[in-house]
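S.K.: One structure is given below, represented as structure tokens, and several questions about it will come after.
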Amino acid sequence: MSLINFYTTSWCPDCVAAKRTLEALGIPYNEIDIDANPDATDLIVAARGRRVIPTLEYRGRFMDGNRFDRERFEKELKELMTP
């Protein structure tokens with residue numbers, strides 16, 4: 001399985017909740033802190049039309065996890081990872 005690129009910051013509570021969910025589900029991810037990597041912010045804006053965190057990327061497809069709701073997050077994550 002390919003890794004999910006997980007665009008996050010250290011100060012974002014939705015990012016923390018999304019990370020806990022990914023870990024609970026056993027889904028591997030590559031965490032990219034956008035505060036430490038400004039190019040990642042540009043990628044998010046190009047893909048999403050605005051800076052939104054957390055943003056997850058899987059095989060060139062994107063979703064966000066802001067306004068975190070675990071049930072919605074898990075549903076959208078499943079859709080993201082389904083070919």
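S.K.: Only one residue in Asp39, Asp35 is modelled with pLDDT of 90 or more, surrounded by fewer than 16 Cβ atoms within 10 Å (Cβ to Cβ) and assigned to a loop (DSSP other than H, G, I, E, B). Which one?
M.R.: The conditions single out Asp35.
S.K.: Can you tell which of Glu31, Glu23 is acidic (Asp, Glu) and closer than 10 Å to Ile4 by Cβ?
M.R.: Residue meeting the stated conditions: Glu31.
S.K.: Now for a different question. For segment 42-61, what are the residues that are of a type outside the set (Lys, Arg) and either free of Cβ contacts under 8 Å to residues at least 40 places away in the same chain or exposed (fewer than 15 other Cβ atoms within 10 Å of the Cβ) (or both)?
M.R.: Asp42, Leu43, Ile44, Val45, Ala46, Ala47, Gly49, Val52, Gly60
S.K.: Is it the case, given these coordinates, that Asp64 is in contact (Cβ under 8 Å) with a residue 40 or more places away in the chain and either over 11 Å from the mean Cα position of the chain (by Cα) or buried (at least 16 other Cβ atoms within 10 Å of the Cβ) (or both)?
M.R.: For Asp64, the condition - in contact (Cβ under 8 Å) with a residue 40 or more places away in the chain and either over 11 Å from the mean Cα position of the chain (by Cα) or buried (at least 16 other Cβ atoms within 10 Å of the Cβ) (or both) - is not met.
S.K.: Out of all the residues in segment 46-83, which are assigned to a helix (DSSP H, G or I), of a type in the set (A, V, I, L, M, F, W, C) and over 15 Å from Asn5 (Cα atoms)?
M.R.: Matches in segment 46-83: Ala46, Phe73.
S.K.: Only residues that are in a helix (DSSP H, G or I) and surrounded by 12 or more Cβ atoms within 10 Å (Cβ to Cβ): list them for segment 4-24, please.
M.R.: Within segment 4-24, Asp14, Cys15, Val16, Ala17, Ala18, Lys19, Arg20, Thr21, Leu22 qualify.
The values are calculated or read from the model by the stated rules, or taken from the named source; none is laboratory data. Small disclaimer: the values here were computed from a predicted structure and weren't measured. Every residue, glycine as well, gets a Cβ built from its backbone with ideal geometry; the counts of neighbours run over all protein chains shown.
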